[in-house]
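Enquirer: My structure is below; once you've seen it, I'll send some questions.
Only the coordinates and a few stated rules stand behind these numbers; no lab work does. Just so we're clear, the structure is a prediction, and the values are computed from it rather than from any experiment. As a convention, Cβ positions derive from the backbone with ideal geometry for all residues, glycine included, and neighbour counts pool all protein chains shown.
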Amino acid sequence: MSLNVSLPPELENRVRQHVESGLYSSVSEVIREALRLFEAYQDVQAANLASLKADIALGVADVAAGRVRELDMGEIKQRGRAALAKRQPA
């Protein structure tokens, strides 16, 4: 299959630089590698989104089951400050 792709000058120069570096033997190799990396990136993004959705579903289930309580931010800060004070040298 043959495709014609238009790139802005900056990207065209970057592709040519990769070929000139000797790491790739052709423009097509650079584009193929870029597409493989883009697809890998999309796979990671999809996995992250699926994980986030699963975490949200768990949180919603916890709320529905009554396994949550309100947080007292003052208490949390106080406990954190106390723990920090214990780690500080005298």
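Enquirer: Based on DSSP H assignment, which helices of the chain show an axial Cα extent of at least 27 Å together with a mean Kyte-Doolittle hydropathy greater than or equal to -1.0?
Expert: The answer, listed by residue number, is 27-64.
Enquirer: How many angstrom lie between the C-alpha centres of the range 54-90 and the range 5-44?
Expert: Using only Cα atoms, the two centres lie 46 Å from each other.
Enquirer: Something else now. What is the distance, in nm, between label points placed 7 Å from the Cα along the Cα-to-Cβ direction at Met73 and at Gln42?
Expert: Going by the 7 Å Cα→Cβ label model, 4.1 nm.
Enquirer: Mind telling me which of Ala34, Ala50, Ala64 comes out most flexible in a GNM of the chain, alpha-carbon contacts under 10 Å?
Expert: Of the options given, Ala64 has the highest mean-square fluctuation.
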